[in-house]
Amino acid sequence: MKPRDRLRIAMQKSGRLTEPALELLKRCGLTFRQSRDKLFCFGEGEPVDLLLVRDDDIPGLISQGVCDLGIVGRNVLNEYRRGADGDAPALAEWRPLGFGRCRLSIAVPQDMEYREPSDLGGRRIATSYPGLLSEWLKVQDVSATVVTLAGSVEIAPKLGTADAICDLVQSGGTLVANQLRETDVLLQSEAVLAGPDALPADERGDMIELLLKRLDGVIQVRESRLLLLQTSRTSLDAVTRLLPGGPQPTLLPVAGQPDQLMLQALCAGEVSWRQLEEIKKAGAREMFVLPVEKMLA
Ligand code: PRT
Ligand code: ZN
């Protein structure tokens, strides 16, 4: 294939990952002119174009060299890797992207007795992820029949075509609605940036490196929170010990209250209500958690 001088990224045309993927690329400074057939989007500023396809096709397009990178669920990428023949170029997960989170789980009818994976022995399990399921069954040393279905996996037990299922779960609502109960998690998934195992040796390799740097910056800012709080000097140690990971906090005096301090800490992830409540118990008050818009160290 003749070398391309523009980078091509495959992403889902229409589905759960489409909007957040476009938003992420936009934050990386990439904007696109949508073409009429909406399969190919030409990149306006940078030499980076998009191919909009079904998510299941993304790993194959990278493997064949039609695209240089792809944004796809880890579930789809790993399933492809299990099924890919040995001659196909290996694919790598370059970055986790922090959206499209879900898990691939085993679920059984609520009235089925289930304590451990060996209870699946001799049963039929419906899934759209035969590669990942077979691998898990092997690790668990369980012999079961894998029934591969393209969709509507959750109704298989009711239809009598399977005894259990292995499917993606997010809120768990679909399982409850189908009288199923989640028993084992095979894979924690989210959208990832996928690419070939090694960077191309031409200009596209340089472009990918540049994109990865921007992506890292965007992800770092997106996941950062600024925590502001007030504490007495005597509670300072106890409060500081509970702060979520991040660089050393900054301490500021509070006008007219010499025993009080204002603390400012950059946290490397969500700060949960529970964490806030713990920090408050340790002596903090006037707490604020703020998103970080931009950061230049
Ligand atoms: O047309 P195309 O093939 O591109 O789209 P698709 O229908 O295959 O994919 P889509 O848009 O449904 O999902 C794309 C990706 O989003 C998946 O590969 C996952 O990586 C990720 N994702 C995150 C999910 C979910 N959450 C999710 N909840 N994909 C599917 N689901 C389904 C699941 O299959 C089940 O039917 O939602 C149901 C469970 O949801 P809860 O909230 O009821 O538990
Ligand atoms: Zn799909």
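The values are calculated or read from the model by the stated rules, or taken from the named source; none is laboratory data. Because the structure is a prediction, the values reported are computed rather than measured. Note that we place each Cβ from the backbone using ideal geometry, even for glycine, and neighbour counts take in every protein chain shown. Note: areas computed on protein heavy atoms with side chains; ligands, DNA, RNA excluded. Shrake-Rupley method; radii C 1.70, N 1.55, O 1.52, S 1.80 Å.
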**Prompt:** If you build a Gaussian network model of the chain, linking Cα atoms that sit under 10 Å apart, which residue out of 216, 202, 49 swings the most?
**Reply:** 202
**Prompt:** From a point 7 Å beyond the Cα of residue 92 in the direction of its Cβ, which residues of region 45-70 have a backbone N at a distance under 19 Å?
**Reply:** 59-70
**Request:** Consider just the alpha-carbon atoms of region 223-291 and return their Rg together with their Dmax, both in angstrom.
**Result:** 11.1, 35
**Burial order of peptide ranges 249-262, 225-238 (average beta-carbon count within 10 Å, highest first)** = 225-238, 249-262
**Prompt:** Using Cα atoms only, what is the angle between the long axis of helix 74-83 and the major principal axis of the chain, expressed in degrees (0 to 90) to the nearest 10?
**Reply:** 30 degrees
**Complete:** Heavy-atom accessible area per residue of region 223-291, all protein chains kept, 1.4 Å probe, expressed in Å², is 63 Å²
**Request:** Please quote Rg/Rh for the chain to two decimal places, taking the Kirkwood radius as Rh and restricting both calculations to Cα atoms.
**Result:** 1.07
**Asked** Which angle from 0 to 90°, rounded to the nearest 10, does the C-alpha axis of helix 203-223 make with the longest principal axis of the chain?
**Response** 50 degrees
**Prompt:** Can you list the residues, at least 5 places off or on another chain, whose amide H is less than 5 Å from the amide H of residue 72, using H built in the peptide plane?
**Reply:** 192, 194
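Taking Rh as the Kirkwood radius computed over C-alpha pairs, what is the Stokes-Einstein D of region 95-210 at 25 °C in a medium of viscosity 0.890 mPa s, expressed in µm² per second?
Estimated diffusion coefficient is 156 µm²/s.
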**Asked** Rounded to the nearest 20 Debye, what is the dipole magnitude of the chain about its Cα centre when Lys and Arg each give +1 and Asp and Glu each give -1 at the C-beta?
**Response** 680 debye
**Fill in**
Note to self: C-alpha centroids of region 169-191 and region 246-297 sit apart, in Å, by 35 Å
**Principal axis dimensions, largest first and in whole angstrom, of region 87-156 by Cα** = 41, 29, 23
